[in-house]
Amino acid sequence: DRIKQYAMSYTQSLPNFMCVEVMRRYVDPNAGDHYRSIGNVLAKVSYNEGRENYNVYSVNGHYEETTMEHAGQTGGAISNGEFGSMMGEIFEPGSEAEFGWDHWATLRGRRMAVFNYFIDSGHSHYSITYSSGPGDEQRIYTAYKGLVYADADTGEVDRIKFIAIDIPRSFPVSAASEILDYDQVTISGQPYICPLMAQLYMTAGREKSKNVIEFRNYRKFDTGSIIKYGASDVPPPLPPSQTEEQPATGAPAATAAPDRTQSSQPAAAASNGGANPWWAMPGAPPPPPPPKKPPQ
């Protein structure tokens, strides 16, 4: 309930802001995990009165004002909706999401309560679009499941994991998943929780795509704001310590369940009429004790 309250009011707590989206794009044409870079896309992202707006200004180091859809026509994958859309749709009543306890974890030095969720295709707002050229666009809405990492005391959501399931065999995209991390940023001297990084994975035929998306240089948005960015000013990647999950210190073995976002659970699905793909999990155990401080 605490997490839901936070998620449903999240976008209302955000100020009007601007930031830079850095999208590092990779593909593997042979269905393996040997990705090669196909370049970077830089975009100005504005969030104004609850609405997201993306304006690409650099493609592969060259200044180019275009849309995110046009920038993605060279292959690979693109995504949008990271600024609250994904979080809100998981918890809104119309999604009729099913939630269950999963495990305790540590993320960016903070203890997280992790819950799994499942939304069927009839209540999903998540769409996948595939296009092999102009006028050849296909779109579906798919069921999905995932994990929500949140502060047990405040309900603050710091990570969302998502994986599309039950994609029709006739659709060109056979797999899609995303990990979205939030962290504290400062805008006009005030702290806010905003998207930090997203990792998108998609498979279409034998081609696998990976996007690593970072959100940088947050600042207040004002009507008429003009901010100049360099077309080749690509910041270095975030260190792994910013996004790697760590086990919860002192967690009992029975409560430290492995992350099952990327795996299917056919036995559980069969016992549940093929609906919720998650195992039946008990209620949340008490959190593990904090690490003991060494004697002074």
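The values are calculated or read from the model by the stated rules, or taken from the named source; none is laboratory data. In this text the structure is predicted, and so the values were computed from the model without any measurement. Cβ sites come from the backbone with ideal geometry, for glycine too, and all protein chains shown count toward neighbours. SASA here: full protein model, heavy atoms, side chains in, ligands and nucleic acids out. Shrake-Rupley method; radii C 1.70, N 1.55, O 1.52, S 1.80 Å.
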Original post:
Order of 112-118, 187-193 by packing, highest average Cβ count within 10 Å first?
Top reply: 112-118, 187-193
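Write down, largest first, the equivalent ellipsoid semi-axes of the range 75-194 in whole Å, where each equals the square root of 5 times an eigenvalue of the alpha-carbon gyration tensor. Walk me through the numbers on the way to the answer.
Numbers: eigenvalues 165, 67, 31 Å².
So the equivalent ellipsoid measures 29, 18, 12 Å along its semi-axes.
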Original post:
Counting only protein heavy atoms, what percent of the accessible surface of the range 5-117 is carbon or sulfur at a 1.4 Å probe?
Top reply: 45 percent
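Calculate, in nm to one decimal, what GLU137 and GLN246 gain on full extension: separation in residues at 0.36 nm each, minus their alpha carbon distance.
Numbers: separation 109, 0.36 × 109 = 39.24 nm, distance 4.03 nm.
Computed gain between GLU137 and GLN246 is 35.2 nm.
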Subject >> Cα radius of gyration and Dmax for the range 1-152 (Å) >> reply: 17.9, 48
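Considering only the other residues whose Cβ falls under 10 Å of the Cβ of TYR130, what net charge follows from Lys and Arg at +1 and Asp and Glu at -1? Please report the intermediate quantities before stating the final value.
Working: positive: ARG139; negative: ASP136, GLU137.
Here the charged neighbours net out to -1.
With a sphere of radius 9 Å drawn around the Cβ of GLU21, what net charge do the other residues whose Cβ falls strictly inside it have (Lys, Arg +1; Asp, Glu -1)? It would help to have the intermediate numbers written out before the result.
Values: positive: LYS44, ARG216; negative: GLU82, GLU214.
With Lys, Arg at +1 and Asp, Glu at -1, the neighbours total 0.
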Original post:
Could you state the per residue volume, in Å³, of the convex hull enclosing the Cα atoms of the range 122-182?
Top reply: 107 Å³
